[in-house]
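The values are calculated or read from the model by the stated rules, or taken from the named source; none is laboratory data. Quick caveat, the model's predicted, so the values are computed rather than measured. No Cβ is skipped: glycine too gets one built from the backbone with ideal geometry, and neighbour counts run over all protein chains shown. Surface areas here come from the heavy atoms of the whole protein model, side chains and all, with no ligands, DNA or RNA. Shrake-Rupley method; radii C 1.70, N 1.55, O 1.52, S 1.80 Å.
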Amino acid sequence: MVSDTPKLLLIDFLIVGGGISGLACAVALRRVGHRVVVVEADASINTENSGGCRMAPNLSKILYHWGLHEKLAPVALQSQAIDLLLYETGEVLGSHVWDEEMLRDARGEFLFGHYGDLRKLLYEAAVDLGVHIRFSARVSSIDPDAGSVTLVSGERLTADVIVGADGTLGMSRQLFDVDEPEPHNINMYSTTIPKAEILKDKALASYLYGQKYRSMFSWFGNGRLSLGFPLGGNKDFALFVYGPNDGRDGDWETEAPIAGMRRILEAAEPRLRKLGALARPPICVPALDYPELEDWVHDSGRMVVIGEAAHPHPPGAIQTCAMAVEDGAVLAKLFSHLRAEDQIPNFLYAFENLRQPRCAAVTKKEFGDIFFMSLPPGEMQEMRDTMMRQKRDAGRSALESSGDAEETQEWTEIKVMFGYDAEDEADNWWQEWGVLRERARGREVPCESFGNMIVVEQQETSPTKATSIESLRARFAGRRF
Ligand SMILES: Cc1cc2nc3c(=O)[nH]c(=O)nc-3n(C[C@H](O)[C@H](O)[C@H](O)COP(=O)(O)OP(=O)(O)OC[C@H]3O[C@@H](n4cnc5c(N)ncnc54)[C@H](O)[C@@H]3O)c2cc1C
């Protein structure tokens, strides 16, 4: 019997920016058969001097689904626990071991790695799939109505869909009529410390590397905080240091004077100060308050923004890379159903509808967490510390409920965040809305999902190897510094 179902329509995507969001999006779109060109301003993927990056289970599960487990394993370390300490004294307020069941349910792993390794992995996956990546190709203007971009060289490139993945400082965001960001009173320094240097100091080494579980360390301070974790490849330790904005206006690619970071660490416990003394030159990124972008799809219906061009995060936040990868995964899942040109704007708006609430909730929580961890002395800070000490002294885990509730709101939020499956969400949209819309237009829709129609063999998903403190934390969600 001859089927009337129209064939899958394969189109040209042009992605501006080869960061995590641009590369992940390129991989995802190629996997479902579309043609993809990435234009990147830098001369290479620039993995030099990269800092730490935390890959939450909602990110790793996508990479596993894309068959990248074997490539990721050598450059990632599995996180097992988190230690919460006071910045000024080093007192351990509590700790929490990630529970196996939660990770199994989330179908991913919580990994630590070098940002540069993740970017390189995505770059290589994109090239293997046949994505055309052009370096030293800075875009000087974008004309979404004409479906074209012009490079500084004067060359003009056209595509069916333009994806703006050029980050917070790129030009895509400017096309969406958004106000300038305002500074928060906080900067983040990111650096790494060679593990070999740490091992020379027995006390420091035994604390950072000698724990029963591989931990991430979170130091809570007065207007300051710090995060430290060992990195994949097992050669470096990553350190993020947040402190008062000293007027520095840096970015991820420009080395900052280490004196600025050490000044913030002057108030810190001795182990943190030692880390500061052993650290490589850092970069410094200010935390900015970006006004939310109301639209992510251009009026032309032919351009969309993704990653930090659409939803900037606080620097060093746990979900930044994850949200960037989820964006690409969702966009590609939607476009795996493309059969007619008039579906293009619908799929772009579906992307916006799916991603905006998710990214807004995540960003709000990230800013809230920074605020919670850097509370100034006072009633709130005392309440936070007292409640954590009570749990600790009762032998309970930091994220365990201290009241009658089975689990804390914080723990529930983490489970929801980690358990989220971006690709499933896109599939659900198709089943609930997309199919209906097509049928209403009198089009045949096949029963099976075309998300399985990939260019390369799809590999098996990797086997997975308050109480009142919550209300206190909730009060800080989205707070300004
Ligand atoms: C070099 C670099 C190093 C980083 N290091 C870390 C780290 O160590 N740890 C961490 O947690 N986060 C790091 N980040 C930030 C992190 O990548 C982002 O916060 C997050 O992954 C979202 O990425 P994105 O792809 O949306 O945007 P970005 O990472 O900002 O990527 C945007 C890309 O677009 C390119 N671009 C901008 N304008 C143009 C133009 N006009 N034409 C063509 N290309 C353009 C940029 O060169 C860049 O490669 C780094 C970012 C960069 C760019």
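In this structure, is N49 more than 8 Å from the ligand (Cβ to nearest atom), open to solvent by 40 Å² or more (accessible area, probe 1.4 Å), under 22 Å from the mean Cα position of the chain (by Cα) and more than 12 Å from A126 (Cα to Cα)? It is true that N49 is more than 8 Å from the ligand (Cβ to nearest atom), open to solvent by 40 Å² or more (accessible area, probe 1.4 Å), under 22 Å from the mean Cα position of the chain (by Cα) and more than 12 Å from A126 (Cα to Cα).
Can you name every one of the strands (runs of 3 or more DSSP E) wholly within region 1-106 that holds 2 or more residues which are closer than 30 Å to I264 by Cα?
Details: elements: 12-16, 35-39, 52-55, 76-78, 81-86, 92-97.
Fully inside region 1-106 and qualifying: 52-55, 76-78, 81-86, 92-97.
Scanning region 352-398 for residues that are open to solvent by 20 Å² or more (accessible area, probe 1.4 Å) and in a loop (DSSP other than H, G, I, E, B) returns P376, P377, G378, A394, G395, R396, S397.
Here E253 fulfils each of the conditions (1) open to solvent by 50 Å² or more (accessible area, probe 1.4 Å); (2) more than 11 Å from the ligand (Cβ to nearest atom) apart from (2).
Taking the condition within 16 Å of the ligand (Cβ to nearest atom), at pLDDT below 95 and surrounded by fewer than 21 Cβ atoms within 10 Å (Cβ to Cβ), does G210 pass?
On the way: within 16 Å of the ligand (Cβ to nearest atom): no; at pLDDT below 95: yes; surrounded by fewer than 21 Cβ atoms within 10 Å (Cβ to Cβ): yes.
No: the conditions fail for G210.
Could you check region 30-45 and list, in sequence order, the residues that are within 12 Å of the ligand (Cβ to nearest atom) and either of a type outside the set (D, E) or more than 23 Å from the chain's Cα centre (by Cα) (or both)? Answer for region 30-45, where residues must be within 12 Å of the ligand (Cβ to nearest atom) and either of a type outside the set (D, E) or more than 23 Å from the chain's Cα centre (by Cα) (or both): V37, V38, V39, A41, A43, S44, I45. Scanning region 260-291 for residues that are open to solvent by 10 Å² or more (accessible area, probe 1.4 Å), part of a loop (DSSP other than H, G, I, E, B) and either within 16 Å of the ligand (Cβ to nearest atom) or touching a strand residue (DSSP E or B) at 6+ places or on another chain (Cβ under 9 Å) (or both) yields a count of 6.
Total residues in region 150-167 satisfying the condition of being within 13 Å of the ligand (Cβ to nearest atom) and in contact with a His (Cβ under 9 Å, 6 or more places away or on another chain): the figure is 2. For region 196-206, the condition holds for at least one residue, the condition being that it is open to solvent by less than 60 Å² (accessible area, probe 1.4 Å) and in a loop (DSSP other than H, G, I, E, B).
Looking for something more than 10 Å from the ligand (Cβ to nearest atom), assigned to a strand (DSSP E or B) and open to solvent by less than 10 Å² (accessible area, probe 1.4 Å) - is there at least one such residue anywhere in region 129-149? Quick ask: steps written out before the conclusion?
Filtering region 129-149 for residues more than 10 Å from the ligand (Cβ to nearest atom) gives 129-133, 143-148.
Subset that is assigned to a strand (DSSP E or B): 132-133, 143, 148.
Subsequent filtering for residues that are open to solvent by less than 10 Å² (accessible area, probe 1.4 Å) retains 148.
Checked against the condition, which is being more than 10 Å from the ligand (Cβ to nearest atom), assigned to a strand (DSSP E or B) and open to solvent by less than 10 Å² (accessible area, probe 1.4 Å), region 129-149 yields at least one hit.
Within region 40-60, the presence of at least one residue that is modelled with pLDDT of 95 or more, touching a helix residue (DSSP H, G or I) at 6+ places or on another chain (Cβ under 9 Å) and closer than 17 Å to A159 by Cβ is confirmed.
Mind checking whether some residue in region 309-329 is away from the ligand (no atom under 16 Å from the Cβ) and either open to solvent by 20 Å² or more (accessible area, probe 1.4 Å) or modelled with pLDDT of 95 or more (or both)? There is no residue in region 309-329 that is away from the ligand (no atom under 16 Å from the Cβ) and either open to solvent by 20 Å² or more (accessible area, probe 1.4 Å) or modelled with pLDDT of 95 or more (or both). So is P57 crowded, with 24+ Cβ neighbours inside 10 Å and away from the ligand (no atom under 14 Å from the Cβ) or not? So P57 fits the description; yes. Of everything listed in (1) open to solvent by 20 Å² or more (accessible area, probe 1.4 Å); (2) within 14 Å of the ligand (Cβ to nearest atom); (3) more than 23 Å from P315 (Cβ to Cβ); (4) small (G, A, S), the single unmet condition for A126 is (1).
Yes/no per residue for (1) surrounded by fewer than 22 Cβ atoms within 10 Å (Cβ to Cβ); (2) charged (D, E, K, R); (3) more than 13 Å from the ligand (Cβ to nearest atom):
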residue: E70; (1), (2), (3): yes, yes, yes
residue: A73; (1), (2), (3): yes, no, yes
residue: A76; (1), (2), (3): no, no, yes
residue: V97; (1), (2), (3): yes, no, yes
residue: M102; (1), (2), (3): yes, no, yes
residue: R107; (1), (2), (3): yes, yes, yes
residue: H114; (1), (2), (3): no, no, no
